[in-house]
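A.B. asks: Submitted below is the structure of interest, expressed as structure tokens.
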Amino acid sequence: MATTTTPNSLLIKTSNPSKPSFPRNPSNKNAFFTTASKFQSTKVTCTAQLQNPTPSTTKPTIPSQDRVFNFAAGPATLPEKVLKKAESELYNWRGCGMSVMEMSHRGKEFLSIIQKAESDLKTLLSIPSDYAVLFLQGGATTQFSAIPLNLCESNDQVDFLVTGSWGDKAFKEAQKFCKPNLIWSGKSEKYTKIPSFDSLEQNLNARYLHICANETIHGVEFKDYPTPKNKDGILVADMSSDFCSKPVDVSKFGIIYAGAQKNVGPSGVTIVIIRKDLIGDAQKITPVMLDYKIHAENNSLYNTPPCYGIYMCGLVFEDLLEQGGLVEVEKKNKKKAEILYNAIKESKGFYRSPVEKSVRSLMNVPFTLEKSELEAEFIKEAAKEKMVQLKGHRSVGGMRASIYNAMPLAGVEKLVAFMKDFQARHA
Ligand code: PMP
């Protein structure tokens, strides 16, 4: 039976007096929240069709033994359980007589999907009620411009701590819309380090401090986060490649953004988690599709969203919750990373990790071979053993194993066994 409940939690105004007042124009501060939500939360169980459902007879066509271990950096491997569930629901979603790909994004069926995805993500990351969750398009790359457009006037200063090429791209894009300062860059050391936060010379007027929490190409990951020195400044993080891989204290950030295609779904969905008082003060030139106010007021349904991708993210969130949430997920990720980094260490220099030990990523593990002329052979032989996409990014070379949430322990164990065997044959 179709049931409707209101209101949607997204637009509940919650003030947090401990948070600095951010908007540049104080009179505008809560303009966004005075706009009542026209959006109604909807729970759907497709009554008519369920009385006479057409059960899915689709059997998974690819048994797990036919799948490869896919070490790609993104789009990346997805949980097998999620793929099978999606397959079983592909033709006829829960007896509604249509696929999620065919549904109106304004229909009750899809509304129930997006609301469940949002609510499960809030549970997973314990997202405080004064934050909004947006499901957007355009990849994390679009956020490189959306963020300065929404948070700054063109003369405002912001700080960038650049620990890899994604942070560098974000820095360069921000130059078009505000005045970014590069307060630290790891470029001269080939992006293998993160500095101590005390040594950073932050600009006391910086509207925000931007970091890339995990540099996908270089395999450098923040284990803790810096605090902006401007008391009204906020921390902004690109979490594309370690999103939902571990618990994170969302309240430390003004904005967290992530492309879905590494840990939580297919490409085409970008998730933005933003403190609500930061919404509603975008530069006048901001295109409508980049204005957080528009998306928040319309509950991510201003225009046609990437419906199927959002549905897939929802299935992944359900799966992560079933695994026991992000505390359990992090334990698994630590174990996988540990056995891979140990194998590199135990190889006595045959394999090498370029990254400083304390900041090695749990998600993306770049490594090189002492005898670099063997790298192509390594990648070729691994592929024959059904371990694919191990080639390092073209800007770095060598190999890279991306071991996101959905990479099973068995995949990493197989890789490590292969590495040992390869070394025995080629040392
Ligand atoms: N940031 C990081 C950390 C990334 O890994 C990527 C993509 N690999 C991007 C940004 C760009 O994301 P997109 O391709 O979704 O725009």
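The values are calculated or read from the model by the stated rules, or taken from the named source; none is laboratory data. The model shown is predicted, which means the values in this text are computed figures rather than measured ones. When we count neighbours, we look across all protein chains shown, and the Cβ atoms used for this are built from the backbone with ideal geometry, even at glycine. Surface areas here come from the heavy atoms of the whole protein model, side chains and all, with no ligands, DNA or RNA. Shrake-Rupley method; radii C 1.70, N 1.55, O 1.52, S 1.80 Å.
A.B. asks: Round to a whole number: what % of the accessible area of the chain belongs to carbon and sulfur, probe 1.4 Å?
C.D. replies: After summing per-atom areas, the C and S share lands at 53 percent.
A.B. asks: OK, next. Arrange the peptides 381-387, 204-210 so that the one whose residues have, on average, the most other Cβ atoms within 10 Å appears first.
C.D. replies: Put in order of decreasing packing, that is 204-210, 381-387.
A.B. asks: Any chance you could check the Cα centroid distance between region 144-187 and region 383-427 for me, in angstrom?
C.D. replies: Here the two parts' Cα centres lie 34 Å apart.
A.B. asks: Given R₀ = 25 Å, FRET efficiency for residue 426-residue 65 by Cβ-Cβ distance, to 0.05?
C.D. replies: It comes out at approximately 0.35.
A.B. asks: Probe of 1.4 angstrom, ligands and nucleic acids ignored: what's the accessible area per residue over region 259-386, in square angstrom?
C.D. replies: Solvent-accessible surface per residue comes out at 40 Å².
A.B. asks: Here's a follow-up. With a 10 Å radius around each residue's Cβ, average the other Cβ atoms per peptide and rank 243-254, 337-348, highest first.
C.D. replies: Taking the mean over residues of other Cβ atoms within 10 Å, the ranking is 243-254, 337-348.
A.B. asks: If you don't mind, there's one more thing I want to ask. Give, as a single signed number, the net charge of other residues whose beta carbon lies under 12 Å from the beta carbon of residue 99, with Lys and Arg counted +1 and Asp and Glu -1.
C.D. replies: Here the count lands on -3.
A.B. asks: Another one. Taking 8 Å as the Cα distance limit and 6 or more residues as the minimum spacing, I'd like the relative contact order of the chain as a percentage.
C.D. replies: 20 percent
A.B. asks: Count charges around residue 229 for me, please; just the other residues with Cβ under 13 Å from its Cβ, Lys/Arg as +1, Asp/Glu as -1.
C.D. replies: -2
A.B. asks: Enumerate the amide H contacts of residue 365 below 5 Å, restricted to partners 5 or more residues apart or on another chain; note that Pro and chain-start residues carry no placed amide H.
C.D. replies: 401, 402, 403
A.B. asks: Can you list residues whose amide H is under 5 Å from residue 181's amide H, if they're 5+ apart or on another chain and H is modeled 1.01 Å from N?
C.D. replies: Those lying under 5 Å, H to H, from residue 181 are 158, 159, 160.
A.B. asks: Once each part is reduced to its C-alpha centroid, what is the distance from region 110-127 to region 275-321 in angstrom?
C.D. replies: When both Cα centres are located, 12 Å separates them.
A.B. asks: Next question, about the same structure. What is the sum of charges around residue 332, taking Lys and Arg as +1, Asp and Glu as -1, for the other residues whose C-beta is under 12 Å from the C-beta of residue 332?
C.D. replies: For residues surrounding residue 332, the net value is +2.
A.B. asks: Oh, and also: Percent of Cα-Cα pairs per 10 Å bin, from 0 to the last occupied bin, for the chain, please list those.
C.D. replies: The calculated distribution, bin by bin, is 4, 21, 29, 25, 15, 6, 1, 0.
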